[in-house]
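Contents: one structure, followed by commentary.
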Amino acid sequence: MNNNIFTLRELAQAMRSERKALGFTQADLAKKAGLRRETIIQLEAGENISAHTLLQTISALGKCLSINDARLDYDQLKEAFSEI
């Protein structure tokens with residue numbers, strides 16, 4: 001399963017999905033993260049929020065942030081171009 005997120009829209013969708021999977025309302029998540037519900041609404045709309053707010057929300061969902069190398073290695077490039 002690919003969990004890579006490259007855009008604010010993808011981040012917003014992932015955060016909303018995680019919240020719903022945990023059975024939280026926006027108000028529940030806001031309270032758990034120490035934020036206002038309006039902030040969760042902004043996050044789920046893909047609006048620009050602070051890194052601090054993002055990390056608070058991720059933590060409240062019981063998740064963590066990971067930074068991965070999205071570049072293809074030689075074997076992946078070779079396979080991608082062999083299909084053309």
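The values are calculated or read from the model by the stated rules, or taken from the named source; none is laboratory data. Note that the structure is predicted; figures quoted are calculated from it, not measured. Counting neighbours? That spans all protein chains shown, and the Cβs are built from the backbone with ideal geometry, glycine included. Ligands, DNA and RNA are excluded from the accessible area calculation, which covers all protein heavy atoms including side chains. Shrake-Rupley method; radii C 1.70, N 1.55, O 1.52, S 1.80 Å.
Once C-alpha pairs closer than 8 Å and six or more residues apart are averaged by separation and normalised to the residue number of the range 24-84, the relative contact order reads 25 percent.
The accessible surface of the chain, taken with every protein chain in place and a 1.4 Å probe, is 52 percent carbon and sulfur. Think of it as helices only: each DSSP H run of n ≥ 4 in the chain is worth -39500 (n - 2.57), and spread over all residues that comes to -17000 deg cm²/dmol at 222 nm. Per residue, the solvent-accessible area of the chain (1.4 Å probe, heavy atoms of protein chains only, all protein chains present) comes to 78 Å².
About its Cα centre, the dipole of the chain is roughly 560 debye, where the only charges are +1 on Lys and Arg Cβ and -1 on Asp and Glu Cβ.
Compactness check for the chain: Cα Rg over 2.2 N^0.38 Å is 1.36.
Taking a sphere under 12 Å around the Cβ of Leu77 and counting the other residues whose Cβ falls inside, with K and R at +1 and D and E at -1, yields a net charge of -2.
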